[in-house]
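Encoded as structure tokens, the structure appears first; notes follow it.
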Amino acid sequence: MNDCLFCKMATGEIKPEVVYEDDKILAFKDINPKAPVHILVIPKVHVATLNDLDDTKLAGLLLTTVAKLAAQADIAESGYRTIINCNSEGGQEVYHLHLHLLGGKKIESPLA
Ligand code: 5GP
Ligand code: ZN
């Protein structure tokens, strides 16, 4: 996707503050952090929304990477919240699938 911001990060055309990378996944710091730890985990391949994710292996890799990065950021035991926003009413602003990893403070729940 030529005009996709996160695809440009995946290819290295735009360089975010990367915290993890492998052949399938990139993780980088959110530019507008809502918590001391706010990392975005994306597939390198373009997947617009969670509705479009049909690769179960990739889905698993995204989740296990979040857990790995929580441990790396030393928030695995204190706790963290993972968010996937989908489409407009779900609050999605960037249409390339991403998992938010938020922690380092008490993260208020939208379910409270
Ligand atoms: P969404 O609302 O789509 O779930 O979240 C998009 C996230 O991407 C937001 O938290 C926003 O701060 C982040 N973001 C948007 N543009 C950039 C950027 O250019 N660089 C980085 N690192 N994060 C971005
Ligand atoms: Zn993309």
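The values are calculated or read from the model by the stated rules, or taken from the named source; none is laboratory data. Since we're looking at a predicted model, the values are computed, not measured. Using ideal geometry, Cβ is built from the backbone for each residue, glycine included, and neighbour counts are taken over all protein chains shown. With ligands, DNA and RNA removed, areas are computed over all heavy atoms of the protein, side chains included. Shrake-Rupley method; radii C 1.70, N 1.55, O 1.52, S 1.80 Å.
For LYS105, the test of being open to solvent by 90 Å² or more (accessible area, probe 1.4 Å), in contact with a Pro (Cβ under 8 Å, 6 or more places away or on another chain) and not β-branched (Val, Ile, Thr) is passed.
In the stretch 51-66, the residues that are without any contact (Cβ under 8 Å) to a residue 60 or more places away in the chain form Cβ pairs under 9 Å with partners that are in a helix (DSSP H, G or I) and among the small types (Gly, Ala, Ser), at six or more places apart or across chains, as follows: LEU53/ALA59. From the list LYS15, LYS8, the one residue that fits, being basic (Lys, Arg) and open to solvent by 60 Å² or more (accessible area, probe 1.4 Å), is LYS15. Return the total of residues in the stretch 1-50 being among the hydroxyl-bearing types (Ser, Thr, Tyr) and within 15 Å of VAL94 (Cα to Cα). Here the count works out to 1.
Under the condition of being farther than 23 Å from LYS106 by Cβ and within 11 Å of ligand 1 (Cβ to nearest atom), which residue from the stretch 49-83 is least open to solvent (accessible area, probe 1.4 Å)? Spell out the reasoning first.
Within the stretch 49-83, the first condition is being farther than 23 Å from LYS106 by Cβ, and the residues that meet it are 49-62, 64-65.
Still in the list and also within 11 Å of ligand 1 (Cβ to nearest atom): 49-50.
On the way: THR49: 9, LEU50: 76 Å².
Per the stated criteria, the residue is THR49.
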